[in-house]
Structures are given as C-alpha cells and as structure tokens.
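The values are calculated or read from the model by the stated rules, or taken from the named source; none is laboratory data. Note that the coordinates shown come from a computational prediction; the quantities given were computed from them, not determined experimentally. For neighbour counting, all protein chains shown are included, and Cβ atoms are generated from backbone atoms with ideal geometry for every residue, glycine included. Side chains are part of the model used for accessible areas, which takes the heavy atoms of the whole protein and leaves out ligands, DNA and RNA. Shrake-Rupley method; radii C 1.70, N 1.55, O 1.52, S 1.80 Å.
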Amino acid sequence: MARKKPMLHEFYKMKAEGQKIAWLTSYDFPTAQFAEAAGMEMILVGDSMGMCVYGYEGTVPVTMDQCIVHCEAVRRGAPNTFVVGDMPFMSYQISDEDAVRNAGRFLKEANVDAIKLEGGVRVTSRIRAIVDAGIVGVGHIGLTPQSSGQLGGHKAQGRTAESAKLVIEDAIAVEQAGAQMILVEAVPPEVTAFITKQLKIPVLSIGAGAECDGQLLIVSDLIGQFTAFTPKFVKQYCNVAEVITHAMRQYVEEVKNGSFPTDDHCYHMIKGEEGKFADLMKQYQQF
Ligand code: KIV
C-alpha cells in the first residue's frame, strides 16, 4: 500500500521526538520514484539542477519555467513525498509581489508542498509575504549558492565567532519572518546545533553537521553522477557514472562487433506470414 504523504506538522513532531528527517534533491520522474520508494520524507527540486542537469557553471541561469517543469515531473514520480520547489535567482529578489507570484506558480502549476528561498535577514519581507499568502516557506542560510559571488565563492560560513553571529541572526530572522522550516548549508556543526536548540522550526543541514533535525544531500552527489567536483560534506553511496559509462562502452563494443542485437532482441514475422512475405520480396526483386 502507498504510504501517506508526510505533512508539515509531522516534521514538527519528528523534531520534538528527535526523529531525523531524510531529504534529497531530485529533478526528474524516475529519480523521484526511487526516492519515494527508498523512504525519503522530503524532496527538494533544487536549482542545483543548473549544474546537475543542464551543465551550467552555477545556479544563477536557472529560470522559473525550468524549475516548474522539473517540479511537475518530480510530483508525478513522488506523489506521497513532501516536495519543495526551489526559487531560482531573480524570482524573488526584486519585490515581495514578485516573490509571492513566483512562489504561487510552484503550487498552482506543479502542486509542490512548499518553496525554499535563500537568505536570512535581507529576505525577511519576502518570507513574510510568501507565508502570508498561505504558502509553506523554507529558509536557506549559511552558504547560499545564488549569492556565492558576494560570499567569495562556495565557501563555508560561520567559521569565526563574528561570522557565526551573522548565521545565527539570519536563522532567528527567518523563523521570526514565519518560515516553517530552515536549511543550514556549510556551517560548523556547533553553530547548527545551537540554532537547532534555539529555533522551534525544524532545522535541516546540508554540510552543517549531524546535530539538527534532518539532512539534505544532492542526489547527483549521493549516486556519483555529478563528477565536476565533490564538496567535503558529500557522502557518495554508489557510482552510477562508472556503472553507466561501463554499460555504454559495452554497448558501443557490441554494436561494432555485431554481437548486439541477437535474435532475442528481434520481433519475428507472425506465424503463417513468412510465405506471404517471401512472395512479396520476389515481386520487388522482379523490378
Ligand atoms: O539547489 C539545491 O540543491 C540547493 C542545495 C544546494 C541546498 O539549494
């Protein structure tokens, strides 16, 4: 029997009971199916699709339309998983109105359960506007890839007391603005642990240690599909790049040496049609 989709209040219960939430990115229908079958409670249709699916150098070029198409596919693959749409660069930076309109598109067009947006203190009015529109909002602080230019690259945050203070202030601001969950990326575990104790909302980590309410990984890192670089916090559970390349190499070899396809891979004439087909060939051969 299909499981019931976990809802927001269940994540709060999990936090209270010390049960960890498992969260993974996914960008397509089959991977979403696998994630749901594996027992993932949440899926993020991340703008990391920019690198993992489209081959861009970063997340900045990703558009709303791309995010919507991938969210739709993931929703179809994982109907009983809590799906979070990731707001791409420039979909919420200009105004609260823009933020609400674009957050609403994720729900209306792709039927996701929540949206995520990057930033702390500086995006509180966006978070408030989105949540006031009745949309579940997930904050994202620490290393925020969309503003990695300002952060001096994809660098861990909060590694000095002064920088940790900024991360903590961001976390408090995001909760006070009404976000219902928060993701902390690439900050020291002790900072995440402190934030997790201070906040009532579930605190999830990507590269921010174990002492929090759950973990997020990028699926392409977890399965060894994204090979350009691997951040320190990634644990690779298998190597599909190797498996797929090996399979494709074998296919190339077999096409070239004629061992594929064999008789097993062919559709044969329906019984009784062989004679008629032989006559047909003879007719053509007369010309
Ligand atoms: O887009 C994404 O996958 C993300 C993670 C890097 C947290 O936002």
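Once backbone amide H atoms are built at 1.01 Å from N, L44 has L24, T25, S26, V84 as its partners under 5 Å, excluding neighbours fewer than 5 places away on the same chain.
Take D65, D47 and sort them by solvent-accessible surface of the protein heavy atoms, 1.4 Å probe, largest at the top. Please report the intermediate quantities before stating the final value.
On the way: D65 95, D47 10 Å².
Highest to lowest solvent-accessible surface, that is D65, D47.
Would you mind telling me the antiparallel percentage of the DSSP bridges in the chain, rounded to 5? Walk me through the intermediate numbers first.
Values: 1 of 30 bridges.
Counting only bridges with both partners in the chain, antiparallel ones make up about 5 percent.
Across region 226-241, rounded Karplus estimates of 3J(HN,Hα) from the backbone phi angles (6.51 cos²θ - 1.76 cosθ + 1.60, θ = phi - 60°) give 8, 10, 4, 7, 10, x, 4, 7, 7, 10, 8, 8, 7, 10, 5, 4 Hz, Gly and Pro being marked x. For region 8-238, the solvent-accessible area with a 1.4 angstrom probe is 44 square angstrom per residue. Where the alpha-carbon atoms of the chain are placed on the principal axes, they occupy 88, 39, 36 Å, in descending order. Label-to-label distance for S95 and K282 is 8.0 nm, based on points extended 7 Å past Cα in the beta-carbon direction.
Think of the chain as having a plus end and a minus end, set by charges on the Cβ of Lys, Arg, Asp and Glu; of P145, G209, A103, G209 sits farthest toward the positive end of this dipole. With R₀ set to 45 Å, the beta-carbon distance separating R159 from E72 gives a calculated FRET efficiency near 0.70. Across region 223-287, counting alpha-carbon atoms alone, Rg and Dmax equal 23.1, 71 Å.
State the Kirkwood hydrodynamic radius of region 1-98 in Å, one decimal place, computed from all pairs of distinct Cα atoms. For region 1-98, the Kirkwood estimate is 14.3 Å. Does anyone have the angle between helix 96-110 and the longest principal axis of the chain? Alpha-carbon axes, 0 to 90°, nearest 10? So the inclination is approximately 40 degrees.
Taking the mean number of other Cβ atoms within 10 Å as a proxy for protection, how do you rank 218-231, 238-251, 153-166, 185-198 from highest to lowest?
Details: 218-231: 17.3, 238-251: 11.9, 153-166: 14.3, 185-198: 19.5.
Going from most to least packed, we get 185-198, 218-231, 153-166, 238-251.
The string of couplings for region 6-22 from the Karplus curve (6.51, -1.76, 1.60, θ = phi - 60°) is x, 10, 3, 4, 5, 5, 5, 5, 4, 4, 4, 8, x, 8, 7, 9, 9 Hz, one whole number per residue in order, with x for Gly and Pro. With θ taken as phi - 60° and the Karplus curve 6.51 cos²θ - 1.76 cosθ + 1.60 applied, the whole-hertz 3J(HN,Hα) list for region 42-52 is 10, 10, 9, 8, x, 6, 4, 4, x, 8, 6 Hz, x standing for glycine and proline. In this structure region 243-285 gives 98 Å² per residue of accessible area when probed at 1.4 Å with all protein chains present.
Comparing G55, G275, G120 in a Gaussian network model of the chain (Cα springs below 10 Å), the most mobile by mean-square fluctuation is G275. Think of it as helices only: each DSSP H run of n ≥ 4 in the chain is worth -39500 (n - 2.57), and spread over all residues that comes to -13000 deg cm²/dmol at 222 nm. Roughly how many percent of the accessible protein surface of the chain is carbon and sulfur, given a 1.4 Å probe and a whole-percent answer? Looking at the chain in its full context, I get 58 percent from C and S.
Taking the three principal axes of the alpha carbon atoms in region 193-236, the coordinate ranges are 37, 15, 12 Å, sorted in descending order.
Principal-axis analysis of the Cα atoms of the chain puts helix 274-285 at an angle of about 80° to the longest axis.
Of K5/K165; K15/K235; K20/K116; K4/K155; K5/K232, which sit over 28 Å apart, Cα to Cα? The answer is K5/K165; K4/K155; K5/K232.
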